[in-house]
Amino acid sequence: METKIHDILSEILKVDALQEALVNLLEVPKVEKDSGRHNNVITELQKVFTEFSEQAAAATAVAQTAAGTTNQDVSQKDGPKTPASSSGGTTEVSTRVQEQGVRTIVALMARQNNPYRANSLATVLQSLLQSNTLYAKVVCTVLLADENLTPDNEVFWMSSFLLVKKIITGVDYKGVREIMKMCLERARLLPVNLRRSQLPLMDALCDVMNLIFDRNSSLLPGYFIVNELLKLYPDYKNWPHWKLASLLTDFVDKFRRAAQMLSVVGRTKLRPIVEQSGHQSPSIHSWKLDSVTLRFQLKGALPFTPELLEPQASLLRYVLKQPYSREMVYSLIDIQKKHKQRCPALEEQMVELMVAAMEECARADQEACKAREQHLNQQQQQQQGTSPTPNALTIPEQHPCSCAHLSSLLIYFVLSQLISFPCLVQGLYEKVQR
C-alpha cells in the first residue's frame, strides 16, 4: 500500500529540473493540467484505499468464519447479532487501513521543505475527506501524533494545523476532546521566548484552540473542556504556554458561577450537630468526606473555591471530640461497618487529638500547681497576720479530661478494624518525636 501511494503522489510532487533550477528567475504560470492531474491522483488514491479496505475486510471475515466453526452452539445463539458485530469489525478494519495510508501521506508531507508541495499534499487529504474516503478524526490524530510535528519543522507545522482547522468540524465530540489534549501537548514544544519567526506557528495553534473553545462552533461541550482542563492543570498555574493562558483561564472562569450555585457559602466553617444515634437524615450527604483525602465529595469537575478542595481535617476532629460521635464518624467518612475497612486518615486525626489532649492535660496540671502554690501562700499570709495579695488566684475548677472519651473511641475503632493499633502507636511515636 505504501509503495502504491508513493507512486501516485509522485505525480503531484514531480517538478521539471530546469524549472526547479531557475525557480527564482522564471515566472511559471499555472497550467490547467494541474487540476486534471490532481483529480486523477485523488481517483487513484480512492481506488487504493477501497481495494485494501475490501481485502482487509475479506481477510477478517475469513478469520471470523474459521473461528466460528470451532463452536457451532455459540454461533447459533449469537446468530441475530452477527450483522452488527460484522459491521463493527468492518469499520475497525477500514479505520486501520485508513491510518496506514494517512501515515504514509503524512510522512511524505513532513519531509517537504517547500510550502507549495506540503500544501498540495494537504489538499489531497482534504479532497479525500470531501469524497468520504477518509475519516476526519483519523487525519487529525495522525497529523498531531506524528513525531515530526515540531517547531523546527515550520512547513509541516503550519500545513498540519491549517488542515486540522479546516477539517475538525467533521470530527465527533470525543475525537475533538482528544485533539484538544494533543494540541495542548504540542504547545509545550514551543519555547517560552518566541522569536518573531515562530509567531505564525503559535498563531496557527491558537486558531485551532479558539475554534474548539468557540461556543458557536459546537464542536465540544463546554463542561467537557473544563473537565479536561481541571484534570490536566488543577492548580491553574502550569499552563502549557503563556500564550494560551488567557484563553484557558477565561474559559474556566466562566464556570465559577455554576460552581458557586452548587456549593454552600462558608461550608468549610459550618459544623454539624452530632446526634447520639448517628445521623440518618439525608442532610448527612452534605457533610460526607472522602475516606482517603478527607475532602468534600463535590459533584462535577467545576472550578470550586480553593477552601472546598482542601482536606477537611478540622471537621473530622470536631466530630471526634463530641460525645457519642461513633456512628456519626462512620457516616462522615462514608464507610460501612460490615466492610471492616482501615482508614489511615482517621488514624492521623486520632493521633492529633491524643497529642492535643496530652498537651491540654499537662497545661491544666501546671495551672493547678500554680494555683495550689498561691493558695498555700495565702494561707501562710493569713496565719502570719498579713493581708493577702489582691491578685491571688483561686484553685480552678476540675474539668473532665478528653482522654477518657478518646480512649473509648480508640477501643471501639480498633475492635471495628477501622484503626490499626500498631500503626496508631507508630504514628503517635513519630508525632511526639517531632
### Query
Take the residues of the range 362-378 that are under 23 Å from S402 (Cα atoms) and of a type in the set (D, E, K, R): which is modelled with the lowest pLDDT?
D365
### Task
Among residues belonging to the range 341-367 that are among the polar types (S, T, N, Q) and part of a helix (DSSP H, G or I), point out the one that is surrounded by the fewest Cβ atoms within 10 Å (Cβ to Cβ).
Q366
### Message
I'm trying to understand the selection: among the residues of the range 209-244, which are free of Cβ contacts under 8 Å to residues at least 24 places away in the same chain and buried (at least 18 other Cβ atoms within 10 Å of the Cβ)?
### Response
L229, W239
### Message
List pairs: first residue in the range 44-60 and under 13 Å from V102 (Cα atoms) and in contact (Cβ under 8 Å) with a residue 60 or more places away in the chain, second residue basic (K, R) and surrounded by fewer than 18 Cβ atoms within 10 Å (Cβ to Cβ) anywhere in the structure, Cβ distance under 7 angstrom, at least six positions apart or on different chains.
### Response
none
### Message
Being exposed (fewer than 10 other Cβ atoms within 10 Å of the Cβ) and either in the same structural domain as R317 (by TED's automatic domain parsing) or assigned to a helix (DSSP H, G or I) (or both) narrows it down to one residue among K370, K338; which is it?
### Response
K338
### Task
Please work out which residue is nearest to S10 (Cα to Cα), limiting yourself to the range 24-48 and to residues that are at pLDDT below 85 and β-branched (V, I, T).
V31
### Message
Filter the range 103-157 down to the residues that are part of a loop (DSSP other than H, G, I, E, B) and either of a type in the set (S, T, N, Q) or closer than 15 Å to G170 by Cα (or both) and list them by number.
### Response
Q112, N113, N114, S131, N132, T133, L134, Y135, N148, T150, N153
## Note on the structure
Scanning the range 169-202 residue by residue, those assigned to a helix (DSSP H, G or I), among the hydrophobic types (A, V, I, L, M, F, W, C) and surrounded by fewer than 12 Cβ atoms within 10 Å (Cβ to Cβ) turn out to be L199
### Message
I need a count of the residues in the range 379-406 that are modelled with pLDDT of 80 or more and surrounded by 13 or more Cβ atoms within 10 Å (Cβ to Cβ).
### Response
3
### Summary
Going through the range 294-309 in order, the residues found to be part of a loop (DSSP other than H, G, I, E, B) and either at pLDDT 90 or above or surrounded by fewer than 14 Cβ atoms within 10 Å (Cβ to Cβ) (or both) are L294, R295, Q297, K299, G300
### Residue check for D235: over 21 Å from V138 (Cβ atoms) and in a helix (DSSP H, G or I)
no
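The values are calculated or read from the model by the stated rules, or taken from the named source; none is laboratory data. Not measured: the values here are computed from a predicted model. Using ideal geometry, Cβ is built from the backbone for each residue, glycine included, and neighbour counts are taken over all protein chains shown.
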